């Protein structure tokens, strides 16, 4: 293995720290999904100071099960064991691991494994984008972000972490992987632009897992899908500008799918689109091409 796991920053399982013992009976005493995050911090050493050990700056506030560096030299931190819960998500959460409405007892911290990836996130004042940054629209379909890409070495460590999680909790399904912004849409933006398809195909050793994400990183692509499915986008149609008609069409689609009706396009929306198109014998890529 070209990298190592660091266990020296484990968070004490004691009152006052952002870790809880075991998994709750609400989820059958096991985790139900994996929430992927970005740190908005580039180095694992700084991430460790924020999240790991007994004196973390986020002590008693937030944590994660893993912290994944950008290079093999940085490696992977373990902050919380897979037998216990980390406090990595929950505030302003409206959706749970499978896209259904979340109850307080089903918050990310109570129900999912949290994985932090060292990534600066999106372009903003003080964080200029570089030429290779990924363009991906936010869940509200109005804000086109430029996101720092994940490195090849980091990707390999993410695969290894995913496989470790799956080996311990093999009941976790492909569709139960999501970004923080999927369960807390409108409140969080991570992990926009994330290559879920490539990652999950490696974790599950299944090249048939569909890419329901990358062809839907633009407003225009989302609009093309809605038009194809028969929703009215008004006289403008699919014009690359998300307005009242597009928002209403998304709401109607969510209603028809019996999904949680939120004014956001999430991973769960992507899967619903995939399923809807499959019944018509086509794919997201085929509809959004051109």
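The values are calculated or read from the model by the stated rules, or taken from the named source; none is laboratory data. Source: prediction; values computed, not measured. So basically every Cβ, Gly included, is an ideal-geometry build from the backbone, and we count neighbours across all protein chains shown.
Brief remarks follow.
- Test: residue in segment 236-246 that is part of a helix (DSSP H, G or I), modelled with pLDDT under 95 and not assigned by TED's automatic domain parsing to the domain that holds residue 93: yes
- Residue count for segment 181-199, restricted to those that are surrounded by fewer than 24 Cβ atoms within 10 Å (Cβ to Cβ) and farther than 16 Å from residue 143 by Cβ: 5
- Among the candidates 52, 67, 33, the residue that is farther than 30 Å from residue 125 by Cβ and modelled with pLDDT of 95 or more is uniquely 33.
- All helices (runs of 4 or more DSSP H) inside segment 74-188 with 3 or more residues being in the same structural domain as residue 49 (by TED's automatic domain parsing) and modelled with pLDDT of 95 or more: 152-168, 180-183
- Cβ-Cβ distances below 7 Å connect no pair with a first residue in segment 271-286 that is assigned by TED's automatic domain parsing to the domain that holds residue 256, a second residue that is crowded, with 17+ Cβ neighbours inside 10 Å and at pLDDT below 95, and a separation of six or more residues or different chains.
- Set 12, 31: member being touching a residue at least 40 places away in the same chain (Cβ under 8 Å), farther than 19 Å from residue 118 by Cβ and buried (at least 16 other Cβ atoms within 10 Å of the Cβ): 31
- All positions within segment 135-150 that are surrounded by fewer than 16 Cβ atoms within 10 Å (Cβ to Cβ) and under 20 Å from residue 66 (Cα atoms): 149
- Residue within segment 282-290 that is in a loop (DSSP other than H, G, I, E, B), surrounded by 16 or more Cβ atoms within 10 Å (Cβ to Cβ) and at pLDDT 95 or above present: yes
- Every residue from segment 194-219 that is in contact (Cβ under 8 Å) with a residue 60 or more places away in the chain, part of a helix (DSSP H, G or I) and out of contact with any strand residue (DSSP E or B) (no Cβ under 6 Å at 6 or more places or on another chain): 196, 215, 216
- When residue 184 is tested against (1) out of contact with any helix residue (DSSP H, G or I) (no Cβ under 6 Å at 6 or more places or on another chain); (2) free of Cβ contacts under 8 Å to residues at least 60 places away in the same chain, exactly one condition is not met: (2).
- The criterion of being at pLDDT 95 or above and in the same structural domain as residue 275 (by TED's automatic domain parsing) holds for residue 225.
- Of all residues in segment 231-268, those satisfying the criterion of being free of Cβ contacts under 8 Å to residues at least 40 places away in the same chain, crowded, with 18+ Cβ neighbours inside 10 Å and closer than 27 Å to residue 102 by Cα are 249, 253, 254.
- Residue 169 meets each of the listed conditions (1) more than 13 Å from residue 113 (Cβ to Cβ); (2) over 15 Å from the mean Cα position of the chain (by Cα) apart from (1).
- Verdict on residue 224 being part of a helix (DSSP H, G or I) and in contact (Cβ under 8 Å) with a residue 12 or more places away in the chain: yes
- Taken residue by residue, segment 260-275 has no member that is at pLDDT 95 or above and more than 20 Å from the chain's Cα centre (by Cα).
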